[in-house]
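K.L.:
First the structure, which I've put down as structure tokens, then a few questions once you've had a look.
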Amino acid sequence: MKFIDTSQNLRARLGTIQIIAFLVLGLLGARLYYLQIVRGDELKKRAEEQRIRLLPIPAPRGAIIDRTGKIVFVGSRQTYNIILSREDLKGKNLETLISDYANGLNLDEQFLRERFEQIKTQPAFESVLVKENASQSDIIWVDAHSYEHPELRVELQPQRTYPANGFLSHVLGYVGEISKEQLEDPRYKNLKPGDIIGLKGLEAYYDEYLRGIDGYRKVIVDSRGRIQQEIEVIPPQAGQDLITTIDSDMQLKAEEALDNSATKRGVIVLMDPNNGEILSMASSPKFDPNLFSQRISTKEGRKEYAALILDKDRPLYNRAIQGRYYPGSTWKIPMSIEGLMQGHITVEKSNLVCGGGITVGNKFTRCMGSHGSPPLGYAITKSCDGYYYRLGIKMDAEGYEKLVEDFEFNKKTGIDLSGELNNHYPSREYKKKRFPKEPDWRQIDNVYASIGQVHDEVTPLALLRSIAAIAIGGKMYVPHLMKEFKPVHAIGEDTESEDYRKPRDGFVFQRQEPKVISFTPAMHKLIIDGMWGVVNGGGTAGSAFPKWENFEVAGKTGTAQVAALGRDCGERCRDHAWFVAFAPARTPEIASVALIENSGFGGRNAAPATRIVYEAYYNRKMGIQPDTTSNGQFAASNAKKQGNRQ
Amino acid sequence: MAAVLDRRITRDFDWILVLLAVGIVIFGTMQIRNAQPTEIYWQKQLIGLGIALVAMAIISFTDYRRLIQFAPAFYVFGLILLFLVLTPLGVKVNGQQAWVKLPVIGQFQPSEFVKIPTVLMLVWHFGRVRTGTLTLKETLIGGCILALPVGLIMLEPDAGQALTYFPILAVVLFLSSIKIRYVLALLLIGIITVPLAYTLGVKTGKIKPYQQKRIEAILDPENADPRGYGYHTIQSIVTVGKGGLTGAKGEDEYSQSRLKFLPEPHTDFIFAVTAENTGFIGCALLLLAYGLLLSRLVTDARRSPDRSGMLVIMAVVGGLIFSIFVNIGMALGILPVIGVPLPLMSAGLSSILSTFIAIGFAVSVQLRRFVN
């Protein structure tokens, strides 16, 4: 110290300041050590997490193809989606965004509000779908507004394309965005909101095979979420292609037949009775599955959907497996074989009295004609109710229960479609559950149940299954639509890698051994003769079919009463018309069920519809040129064009 | 005479001090370049260093006692500059009117420079040979000297810069025979009243919610709103931590500043950039360099020929310690986010120039330690 200053211990004070300087630097050093050495790895990871994003590359779903493997019913085409990255929403006024997007991208404000709600409830996911199937002008809008809205991104997305005009719609089903509930389902454990899954039909049933595994782009983003660089790309693995059992020609004809039917409401199913393959399954009215895969997020799409839901004709439901109808006189076919099997009648002596009806208690239930005391074949051909009333009384509840057991009317058929309903069936136990006010099985129940009323209420497919089994002599197959799944190759080479996708093997339908219902060839012949007579022997479907060479049709009409007798409630209370059939009668190749709702008598309505399909089948089999004026051809070429996978 | 002068210059010129300071600036320029490689901040910083060295040389070879004599004139000039900031000549950046644009000279930040006249003014007042303990009157005058520039800076408003003035007065008072019991009492009162004032401030609404959020973000940055007020603090902590022991290597492209996660990387958060790039080793060396620099200044103060020389240097030391602590403390998440530049490291001509002028005074004092 060069100067004298006695008034203060200056040296010590200078020293104090120096010590404070060292303490401050020491404290900073200690904190630095804590952050960089103690927590270095953790913070390094955090820095990485905030700059690396995985942008999914959606995998194309497997195509759905006809039985020949040539016609693609459902494929995917490339479209663009507009995605919202939640990272960059911070501090933005959502209401302003909503009105901006609604104007710029032509979206429904309510829909956007729901989307933003979704962001709040699912914080774990970083992007949300704002608009599917974006148009060129939408993409331009997003590009032009990248400064105000860096949170928006355009993404390539394969979009499901279904045939026009609702062709095969109930079988194909449709895809859509996974719901919040489904996300919790272990079936969908690797999926995230916004992912597309099969929701109905084959799309839903075989979703796990049809669905591919998304790939992703690993990119580096800045603090505003803008992509700076791509680090790596893991390509998506496509889903497996599904070869169905559907015969495109027959499906077209079946749909055409329904379109031309009296009420345009009904169902036609065509099956190979020898293995259970469904050749066609048409339910009318149809719907356009493209609504769900392409338009559901637009204003118009939502309106269209609301209209579908409210439509009294219920176009969304597949009448073949979700419609339950009284089988009417078609029920007499399983009744007949059971009567023989249970010994209430025999091949040699199958006659029962018709009596023009029957009196049970003080109530008379009539037959449509007076058939004397007909043998079984004649009773089938003429559909004699009186015969079956008496057979039903002989069988009684136990007999019915055996019938139900044999033909599995107490179960679903097990077809590979979701949403199949169970039948209502005659049985003591089931009656207690179904009619708790009149729980006991009475004589009159035997009468009603014998002609397919009151207690019997079956899906067209369940009825077809039983008829097909009888047609081929007792083997009852499970109907199915899947024929084969094609293999898909692996993605990546390093099998140890997290990003390796195993190859997916192809496989064919694993057919179970059919259930065998044992009856003698003589019994079989008796029934077939009766059914042959219905079509060819002056029976109830007498004029519906020509006599095709080597392709004689056997069948049974049915007229199912909808309303209680004497009640008039207009068109929707008219009887449903049924026709079950197979051909050729002695060596069946195809079996079918047709139902035209509220159209009246089966022989006049359902049988001609069936004929349209059989005729096409016969002509093709015989090499006869089909009628080219049919508008079905247009739909077929349309299906081919639209369905091409890219 | 010239030979004597030359010999004395080479002997008494504080090369260590100047080399340390220049070294830190060059290291800082590298970090500025890391932070903003596409901008010209780092080139500007080098030009600033050149200008600052010239200014330092001029101050060094001027007798500091003469400069202190003119302190009131400098002081008034400084106050005028601060006043100009508030006139239409002032320039607003980030909501703060802290800059002034003058013809020929260009744009600069007076609050950085006015520290020097303020120091000189305080020394002018407290620098005479002391005969007794600090009087109340002296203290009040010292307070007034400080209050004028601080008041003008608060009008900008720039609370961070205003804060850096207080340690200058504190050091001057401490070295002007203030009774230790007053210092201890003041510390005690501070420890008690600061939390109390905070609580009261929050309750009465005197502390605005955004200020409160910033303080909360410091008390618990991990749980503070990571997208809001805690964002800067958390990003700074992440940036520092990412550096690890030796710095994040080979990923300059993805640095926190390049990806814009770290705000103001070349100025307020230059330390976080340094930490990311050079790791614990680089940062510890930087802290060591600051330690040496401060020690060197204190040594110079000890050797100074008179009280005013000692006071000038120590006032500078006080300002530097405070700025270093507040800036690095902010980058390390132990202090709230306040816009105080890191001396010699942060980009900015005003900051580097004023720091070198301050160092120039220390050199000047050294050069005259055997005179008289």
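FYI, it's all coordinate maths here, none of it is from the lab. This one's a predicted model, so the numbers in the text were calculated from it and none came from an experiment. FYI the Cβ positions are ideal-geometry reconstructions off the backbone, even for glycines, and counts take in every protein chain you see.
K.L.:
Normalised by the number of residues in region B:8-367, what is the relative contact order in percent for Cα pairs under 8 Å and 6+ residues apart?
P.N.:
It comes to 29 percent, rounded to a whole number.
K.L.:
For n ≥ 4 DSSP H runs only, could you compute -39500 (n - 2.57) per run for chain A, divide by its residues and tell me the 222 nm figure to the nearest 500?
P.N.:
-11000 deg cm²/dmol
K.L.:
Counting every Cα pair in region A:53-244, what percent are over 29 Å apart?
P.N.:
Working: 5006 of 18336 pairs.
When every Cα pair of region A:53-244 is considered, 27 percent fall beyond 29 Å.
K.L.:
Hey, fewest Cβ within 10 Å first, where do A:Tyr614, A:Tyr188, B:Tyr182 land in order?
P.N.:
Details: A:Tyr614 26, A:Tyr188 18, B:Tyr182 14.
Ordered by Cβ neighbours within 10 Å, fewest first: B:Tyr182, A:Tyr188, A:Tyr614.
K.L.:
Give the dimensionless ratio obtained when the Cα radius of gyration of the protein assembly as shown is divided by 2.2 N^0.38 Å. Provide the component values of the computation, followed by the final result.
P.N.:
Numbers: Rg = 46.3 Å, N = 1018, 2.2 N^0.38 = 30.6 Å.
Expressed relative to 2.2 N^0.38 Å, the Cα Rg reads 1.52.
K.L.:
OK, next. Explain nothing, just compute: Karplus ³J(HN,Hα) = 6.51 cos²θ - 1.76 cosθ + 1.60, θ = phi - 60°, for every residue of region A:547-560 in order, whole Hz, x for Gly and Pro.
P.N.:
Those phi angles translate into 8, 6, 5, 6, 8, 6, 9, 10, x, 8, 7, x, 9, 9 Hz.
K.L.:
Based on DSSP H runs of at least 4 residues, each adding -39500 (n - 2.57), what is the mean residue ellipticity at 222 nm of chain B after dividing by all its residues, to the nearest 500 deg cm²/dmol?
P.N.:
Value at 222 nm, helices only, nearest 500: -22000 deg cm²/dmol.
K.L.:
Can you give me the relative contact order of chain A as a percent, contacts being Cα pairs under 8 Å and 6 or more apart?
P.N.:
Relative contact order here is 16 percent.
K.L.:
Pairs of alpha-carbon atoms within less than 8 angstrom and 6+ residues apart define the contacts here; what relative contact order does region A:53-244 have, in percent? Present the calculation step by step, with values, prior to reporting the outcome.
P.N.:
Working: 351 pairs, mean separation 68.0, N = 192.
Result for region A:53-244 is 35 percent.
K.L.:
Using only atoms on other chains, find how many Cβ atoms lie within 10 Å of each Cβ of peptide A:9-22 and report the average.
P.N.:
6
K.L.:
While we're on this one: In what order do A:Asp385, A:Asp416 fall by count of nearby beta-carbon atoms within 10 Å, going from fewest to most?
P.N.:
Ranking A:Asp385, A:Asp416 by Cβ neighbours within 10 Å, fewest first, gives A:Asp416, A:Asp385.
K.L.:
Taking the C-alpha atoms of region B:8-367, how large are the radius of gyration and the largest Cα-Cα span, Dmax, in Å?
P.N.:
20.6, 62
K.L.:
Of the candidates B:Ile80, B:Ile24, B:Ile191, which one comes out as most mobile in a Gaussian network treatment of chain B with C-alpha springs shorter than 10 Å?
P.N.:
Checking each option, the largest mean-square fluctuation is seen for B:Ile191.
K.L.:
Let me ask something else. For q = 0.16, 0.30 Å⁻¹, what log10 I(q)/I(0) does region A:47-109 give under the Debye formula with an equal point scatterer on each alpha carbon and no solvent?
P.N.:
Log10 of I(q)/I(0), two decimals: -0.81, -1.24.
K.L.:
In whole angstrom, and with the biggest value first, how far do the Cα coordinates of region B:315-372 range along each principal axis?
P.N.:
Between the extreme Cα coordinates on each principal axis of region B:315-372 lie 48, 22, 12 Å.
K.L.:
After finding the eigenvalues of the alpha carbon gyration tensor for region B:20-126, what semi-axes result from the square roots of 5 times each, listed largest first in whole Å? Before the final figure, lay out the partial values.
P.N.:
Working: eigenvalues 149, 92, 25 Å².
Listed largest to smallest, the semi-axes of region B:20-126 are 27, 21, 11 Å.
K.L.:
Just tell me which lysines come within less than 29 Å, Cα to Cα, of A:Lys547; anything on the same chain fewer than 8 places away is out.
P.N.:
A:Lys253, A:Lys264, A:Lys332, A:Lys382, A:Lys475, A:Lys525, A:Lys556, A:Lys621
K.L.:
In Å and whole numbers, how far do the C-alpha atoms of region A:118-224 stretch along each principal axis, longest first?
P.N.:
That gives 46, 34, 24 Å along the principal axes, largest extent first.
K.L.:
Follow-up. Is there a simple number for the mean count of other chain Cβ atoms within 10 Å of the Cβ of residues in B:307-319, and what is it?
P.N.:
That average works out to 2.
K.L.:
Under the definition of partner shielding as Cβ atoms of other protein chains within 10 Å of a residue Cβ, what is the mean value for peptide A:40-51?
P.N.:
Numbers: counts 8, 3, 3, 9, 7, 3, 6, 15, 4, 1, 7, 7.
Mean number of neighbouring Cβ atoms from other chains: 6.
K.L.:
Moving on to the next point. Around A:Ile517, which amide H atoms from residues at least 5 apart in sequence, or from another chain, sit under 5 Å from its own amide H, with H modelled in the peptide plane?
P.N.:
For A:Ile517, the qualifying residues are A:Lys475, A:Met476.
K.L.:
Here's another thing I want to ask about it. Return B:Phe280, B:Phe370 ranked ascending by Cβ neighbour count within 10 Å, so the fewest neighbours appear first.
P.N.:
In increasing order of surrounding Cβ atoms, one gets B:Phe370, B:Phe280.
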